[in-house]
Structure formats: C-alpha cells, structure tokens
Amino acid sequence: MKASVCVFVPADHRFKAAARFLQALWREDRGLAIGTHIDRRNPHRPRRLGSRISTAAGALGSNFLHPDIIPVVTRALTYREPGAAYDVDRLKTNLLSSQPLVFNLFGLLARDLTLATRFVAELLPGTLTSATDILFEHSPGRGDPRFTADRTAFDIVLRGRDTTGARGLLCIEVKYSEAGHEPAPPPHPRHTEIARATSGLFVAPDDPTLTGPACQQLYRQHCLASAMLTAGLADTATLAFIAPTHNQLAHAAAATYTRQLTDPRAGPIPFVPTTLEHAFAALAAAGLPDHARALHRRYTDWWLVDGELDLAATVAAPWDFTPRPPSGSTDASRPAAKASRSDGGTLVSNPRRSHRARTTKRATRTAA
C-alpha cells in the first residue's frame, strides 16, 4: 500500500487517521501529485503527506470536485471579509481540511439559489422556504463590540425567508476530521453578556462548560447569531452542526453542547446537529445526485479503507497457517497457486485496483 507509507501521523485520533487514508486513496486514484507538510517545530524538513496535493495541482483547483466550484472559491477569496480566517494553501492543497469540504458541499448551491432552496428543504425542513444568499466564512463584523467583539464566524450562512415571510438565517458549522475539542480561547465578557441577555437559550449562562474545549466554538457562534438578531440583521436564526456519522468525537462535543441548551429544537435560536451523510442525501434529493456520489466517494466511502486494510492483511499477514508441503517435495505436488484460477485463467495483475473497483461499485450501490 503505497498510500499508507505517507499518511501516518502519530497525533491523529482514530477517525482522523481513517479520513486521512481515504483522502490519500482519492488522490492516488486521480493521479494527483502528492504534496508536503511543513511542521512548524521543524520547518526545514518538509515531509510528503498522502492527504495533501502538490502546489501545482492545488493551483489548478484539484481540491474541488466540480469545475463550477472553482470560480465560487475565487470570488469568495477575492471578496473575503476583513479578518476572514482563510489559509489559502490549506484550502487549495489540504484534502483533509473542512474548508474545501465547505466549498465542495455548498459551492454549486451558491450558483443556483433555487437548488439551494430545495437543498435546505431536504436538509433542515421548517427553517428557510427560500434561500436568497449564501455567504462563506461569514461574520457581520469581526472585533465589533455590537456582536461578539472577537473573530467568531460561521463556515457558511444561508440567508432567506421562512414560511411567514420573516427574514431567516441558517448558520452552519462543518467538521470533517476535527474532533470538536479545539483549544479554548480565554472567555470574553461579551459572550457572557449576550448569553445572559438571550432569554431561554442556555440552561445556565455562566456555566464554565460553555467556555470549555467541547462547547466554546458553538457557544461563541450561538452568541454571534443572537447578537445578529439583536442588531436587526434577521428575524430568526438556526445554528446547525454537520459532521460525518463516524466522527464520534465531534458528535460527542455537539451532544455535550446540546445539554447546555434550555430547548435545543424550539428555543430562541434552535441548534440542529446532523450528519455529513444526510447532507449528501439532501443534495442528491435536491437535484445533484452525481455530485452527491462524488462527495460520498471522497469523504465517506469507508468501504475503500476497509478494502485496503483487508488486502494488506491478506498479502502480508504473519499468521498465515497455510499447510506447507513436506521437505523435499516438488512444486508439482503443491496445491494450485493462488495466482491461477481453476479455469486456467490468471487473476488480475493488480489486485489492489481490482479490489478497489469492486468496493467502489458496492459502495455506489449502497449510496444509491
């Protein structure tokens, strides 16, 4: 397994290791040149990393799943908000990052708001009945004391109208391999002020759990959404959280946060955690089935990782107890070699590619 040589990162948790391997397989299947990672502690010794593509491949937009997404990315970078936290190299060359995932998931919707409206109806029914705008890496004012007075922002915000015609915001945080336990910045007094002023949102606005590693990002985003409503930027808001089903650490963090809310579903700003797989299904139902399959293949097709591990175990298992012929026996007396079939034909010369083709076909049927 050539990819496995370049994907081992000791600090990875279990899901992140699997996701990194899946991205490396996706890169290899498309013949994209491997990229490098520079460790800040040892910047003079970059290492090849299978979950990255080369700078040249990144410049061509190879991190994005459809050519129509590339101009959306270009526009978002050109008109980025002051203080927006874009790492352009990471966006273009890091296959594992959630930033390109956000564009791969929402990029085509940004070009077709009718499609975006159908997507929202499938993903989070009862929120927006029409989408009028999509904003990437959005905050109405980083550092502005009218809001959270810090750099808090949303991965994606959809603006539109609800069933009553009220102006609505759908604010979304997207995780892929991240554990959802990012280091917590020092608590900001503005957050506490907003939390106390937003009646019915938090069980205990001063609970230190809210500013701990598991909750702090969602807490800051909820405070930002509340401040946006207070400032008159919308009439209603919903905070959504999207992560792969098997990223149990991220979903555990979301569950911890949910317990801090008075009424997660019907409170003043509902909080709705959901899965990346559900988002892909919503995209397919909205009218983009081929794109949904491409997203599944890249981000959640764990059959491919299982297949590679099974193949490696078959090829190199040290516990192979196949009986050996007695000493001195000839090759003619041995059982038929594994490299030949009973009908006299030969097996495919590249078992890895054959296995991946089978698992891809099986996974596609499952997704459909």
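Laboratory data are not the source of any read-out in this text; all were calculated from the coordinates shown. Because the structure is predicted, anything quoted here is derived from the model rather than measured. Every residue, glycine among them, receives a Cβ derived from its backbone with ideal geometry; neighbour counts consider all protein chains shown.
Packing, as the average of other Cβ atoms within 10 Å across residues, places the peptides 275-283, 226-234 in the order 275-283, 226-234, highest first. Could you tell me which of rounded, prolate or oblate describes region 239-288, using a ≥ b ≥ c as the square roots of the eigenvalues of the alpha-carbon gyration tensor, with rounded for a/c under 1.5 and, failing that, prolate when a/b is larger than b/c and oblate otherwise? It is oblate, given that a/c is not under 1.5 and a/b is not larger than b/c. The amide H of Ala237, built 1.01 Å from its N in the peptide plane, has Leu169 as neighbours under 5 Å, considering only residues 5 or more places off or on other chains. In whole Å, what is the distance between the alpha-carbon centres of region 108-158 and region 14-90? What the calculation gives is 24 Å, centre to centre. Positive-end ranking of Val272, Ala214, Ala225 along the dipole of region 97-287, with charges on Cβ about the Cα centre, is headed by Ala225.
Backbone amide hydrogens, once placed in the peptide plane, bring Gly35 within less than 5 Å of Leu49, Arg52, Ile53, Ser54, excluding anything fewer than 5 places away on its chain. Looking at region 97-287, the DSSP beta bridges with both ends there are about 55 percent antiparallel. In order along region 200-216, the Karplus-derived 3J(HN,Hα) couplings, from 6.51 cos²θ - 1.76 cosθ + 1.60 at θ = phi - 60°, round to x, 8, 9, 4, 9, x, 9, 4, x, 4, 4, 9, x, x, 6, 10, 4 Hz, and Gly and Pro are given as x. Across region 174-185, computed HN-Hα scalar couplings (Karplus, 6.51 cos²θ - 1.76 cosθ + 1.60, θ = phi - 60°) run 10, 10, 10, 9, 5, 7, x, 10, 5, x, 8, x Hz from first to last residue, x flagging Gly and Pro.
Given axes a ≥ b ≥ c from the Cα gyration tensor, I'd like to know whether region 1-111 is rounded (a/c under 1.5), prolate (a/b larger than b/c) or oblate.
On the way: a/c = 1.87, a/b = 1.50, b/c = 1.25.
Prolate is the answer for region 1-111, as a/c is 1.5 or above and a/b outweighs b/c.
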